[in-house]
Structures are given as structure tokens and as C-alpha cells.
Amino acid sequence: MSKLWLPPGRPRHAAEKLGLDRRAFLAAGAGGVAALALAGCNSEGPRSAQPILDRAARWNEKVERALFRHTAMNSAPAGATLAGTKFPSYFVADELPIWDENQRGVWRLEIAGLVKNPVRLTLADLKELPRTELRLEHFCVEGWSAVCVRTGVRLSELARSAGLLPDARAVDFQSFDDDYHESWDLESALHPQTLVVYGQDGALLPPAYGAPARLYSPVKLGYKNTKYLTRIVFLPRPNGGYWSDQGYEWYAGV
């Protein structure tokens, strides 16, 4: 499992002082309970184990929320090579999801829920908004990491322009990839490096990696970063997700 690279001089949290990456720290902190939860992460497992798994999940989320710092930024190692086309491509549909305008009309990203001004943005609209380009690491639950350049709009900018309401506590990111979705805590969603991405490595986002637009942030494991976005819905509480509902950790912080 890859360790999170630390920029020189960056303050370290408790896990890093012990020489552990955050995921290893969480596993160590939860002990046998976390091991049991990990063993059942791809299935619901026996019903008798579910209360223990639920307690482990709540414990992990509590610890991860305590570790999260909104000011901590990911910075990919200077010597790291961009993954390029070697970057793995994942989707849940039987075939590569591609938005067909002849069948679906012009793609639009809807921003809805607990906002004053719900909007529907075309790709051209997104590209007119303040642009952010960041060289970031991607962390997979399988243990590998990769680097690429992401170009897009900060989610915090989209939330601001839509008029985020104070009752919002979570965000659901929905997809046209067989209705894939994952919900996040609001704090992680508004992190400065959480982007709605429309470009990768200096070109428009390819279909294999989530075109026309996808969510990306280095503060969450890969499966939380919804591709093939269609809707962003601000909510009063989380509503699970494709993998979260199958036993994977909901918070999934890095």
C-alpha cells in the first residue's frame, strides 16, 4: 500500500509521526474490528456480523473526520511520471459509457438540492467558469496510486455560484454509468482540491476516464470519485452510494 507523499515542511498528523499512512493508521486504531470490516468489504457477510461491521464503520468515520484538515493539500512528488494511458479505467456498465447527443441531447450537469439557484451547465458553461489545473495523486482502495494533471472547476466555486444553503451537510454525485452514485460529507466536497474535472493531462477528458466531466479529489479513495457526472445534489444527510451500499467504507478518506 502506497504511503502519502509529504511536501517538505508540511505539518504531520499523528499517523505520519508514527510512520504509517492514514489507511494503515485507521486499521491499527480499529484493531480486530477493522480487520473484520475489511474482510467483509465486498459483501454483506453473515447477518450476525453486521452490527460489528456497522460499529467499525462508525468508528472509522469518527477517526477519519478527526484527522481531516481542510487546509492540508496534496502535492504529487516532483519526480513522479504522469500515468497517462496507463491510468486504469473503471466503469460499472457492460460497455464503456459514452454520452450520445443524438439519443440524450446536449450533456448538462445539474446542480440541485439545498441551493438557492439550481442550475444546468453545459460543458461550454463549465469551461467558462474559473479554471483550476492541479497535478494530483490518485489513491485506489486496491493500494496503488498514480499521478495525472486534472483541469476543471472547484466544487466550492459551483456551490458558491448556486447559493449553497446552510442546511446542507452532504453531497451526492450521480452518473450516467448505470446510475452509479456516491455521496460525500460536505467538508471533503468543499476541499480546495475537489474538482469537477473536464480535462486530463492537457486534453479534454477521454470517455475512458469519465467524459464529459467527472468528480476528482485526492482526499477520497478512487471509488468515491464519480465519473460520467450528470447531477450534483446537496443534501441534509448522506444517502450511501454504489460501493458504499455493498459494504465498502462510506467516508473513504485518504
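The values are calculated or read from the model by the stated rules, or taken from the named source; none is laboratory data. The model shown is predicted, which means the values in this text are computed figures rather than measured ones. Methodologically, a virtual Cβ is constructed for each residue, glycine included, from the backbone with ideal geometry; neighbour enumeration extends over all protein chains shown.
Remarks
- Helices (runs of 4 or more DSSP H) contained entirely in the range 88-176, each with at least 2 residues that are in the same structural domain as Ala211 (by TED's automatic domain parsing) and in contact with an Asp or Glu (Cβ under 9 Å, 6 or more places away or on another chain): none
- Restricting attention to the range 223-245 and to residues that are charged (D, E, K, R) and more than 12 Å from the chain's Cα centre (by Cα), the residue that is surrounded by the most Cβ atoms within 10 Å (Cβ to Cβ) turns out to be Arg231.
- Test: residue in the range 219-239 that is touching a Phe, Trp or Tyr at 6+ places or on another chain (Cβ under 7 Å), assigned to a loop (DSSP other than H, G, I, E, B) and among the small types (Gly, Ala, Ser): no
- Residue match in the range 214-222 (condition: at pLDDT 95 or above, within 15 Å of Tyr90 (Cβ to Cβ) and either more than 12 Å from the chain's Cα centre (by Cα) or not assigned by TED's automatic domain parsing to the domain that holds Arg131 (or both)): no
- Restricting attention to the range 187-215, the residues that are in contact (Cβ under 8 Å) with a residue 40 or more places away in the chain and either under 16 Å from Asp172 (Cα atoms) or among the hydrophobic types (A, V, I, L, M, F, W, C) (or both) add up to 12.
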